[in-house]
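Report on the structure given below.
The values are calculated or read from the model by the stated rules, or taken from the named source; none is laboratory data. It should be emphasised that the depicted structure is a prediction, and the values quoted were computed from it without experimental measurement. Please note: Cβ atoms are built from the backbone with ideal geometry, for glycine as well, and neighbour counts cover all protein chains shown. Quick note on the areas: whole protein, heavy atoms, side chains included, nothing else; ligands and nucleic acids left out. Shrake-Rupley method; radii C 1.70, N 1.55, O 1.52, S 1.80 Å.
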Amino acid sequence: MSFWHSRTGVKIDGSDENCFANYFPQIPDNTVASAVIKHFTMQTFESEDYYQVIWELIDGDYAGSQVRQRISPFDADDNKAQRSLNMLMRLFVLCKIKPSHDGAPSNDELSAFKGIILCIKTGAGVYNSKPFTNVREVHEQGKLATKTGVVTTIIDKPTSSVETAFSRNEAKTSDLRNSDVPF
């Protein structure tokens, strides 16, 4: 086997796309920026199919950063699947691309989206104690002004205080503690 043999099946070509690590920082909540679609593909994780869009911000404080958008039209939750289908259709409409059939878009069809610039609004959160950024909204380019959002502190660990009858009704606490009833 040659030293230059690909272990993943992707050709060894020295291109920017195949050499450089992607930069996915946590971007402040409600950041608005123009972004270019770098990749739009169908993915499968733990036997669940979904579409993934990789956006690269091209203006604002986080220009050059990338954000993943997950679109799950195959989800078992009907409401999530419906919202995802609407987002997928929104991307087709905003990009002025018409589906060529009534089936699920393939990776070949999704390649037409690469390089299109739109405006996105980000959302920030924490999942399994790890911060992440997602795409909350997608608009036509220039519709919203570029702005940096607000850093929010989201903690997904339990609080240290325990709720009691005394903590729920502070007014009665002093009466009960000052009484001389022995029980």
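Before moving on, here are some points about what is shown:
- Asp75 fulfils the conditions (1) open to solvent by less than 90 Å² (accessible area, probe 1.4 Å); (2) in contact with a Ser or Thr (Cβ under 7 Å, 6 or more places away or on another chain); (3) within 22 Å of Ala35 (Cβ to Cβ) except for a single criterion, (3).
- When residues in the range 63-79 are screened for being over 16 Å from the mean Cα position of the chain (by Cα) and among the basic types (Lys, Arg), 0 of them pass.
- Asp49 being without any contact (Cβ under 8 Å) to a residue 24 or more places away in the chain, out of contact with any helix residue (DSSP H, G or I) (no Cβ under 6 Å at 6 or more places or on another chain) and acidic (Asp, Glu): no
- Answer residue from the range 136-151, given it is of a type outside the set (A, V, I, L, M, F, W, C), open to solvent by less than 80 Å² (accessible area, probe 1.4 Å) and under 17 Å from the mean Cα position of the chain (by Cα) and is nearest to Ala63 (Cα to Cα) among those: Thr148
- When the residues of the range 32-54 are filtered to those that are of a type in the set (S, T, N, Q) and open to solvent by 70 Å² or more (accessible area, probe 1.4 Å), the one that is modelled with the lowest pLDDT is Ser47.
- Condition met for Ser6 (over 15 Å from the mean Cα position of the chain (by Cα), closer than 23 Å to Gly142 by Cα, open to solvent by less than 80 Å² (accessible area, probe 1.4 Å) and not hydrophobic (A, V, I, L, M, F, W, C)): no
- Listed conditions (1) open to solvent by 20 Å² or more (accessible area, probe 1.4 Å); (2) in contact (Cβ under 8 Å) with a residue 40 or more places away in the chain; (3) not basic (Lys, Arg) are all met by Val67, apart from (1).
- Unmet criterion (only one of (1) open to solvent by 70 Å² or more (accessible area, probe 1.4 Å); (2) in a loop (DSSP other than H, G, I, E, B); (3) in contact (Cβ under 8 Å) with a residue 24 or more places away in the chain; (4) in contact with a Phe, Trp or Tyr (Cβ under 9 Å, 6 or more places away or on another chain)) for Ile12: (3)
- Listed by first and then second residue, the pairs with beta-carbon distance under 8 Å, at least 6 apart or on different chains, first residue in the range 93-111 and under 18 Å from His139 (Cα atoms), second in a loop (DSSP other than H, G, I, E, B), are Leu94/Glu140; Cys95/Ile116.
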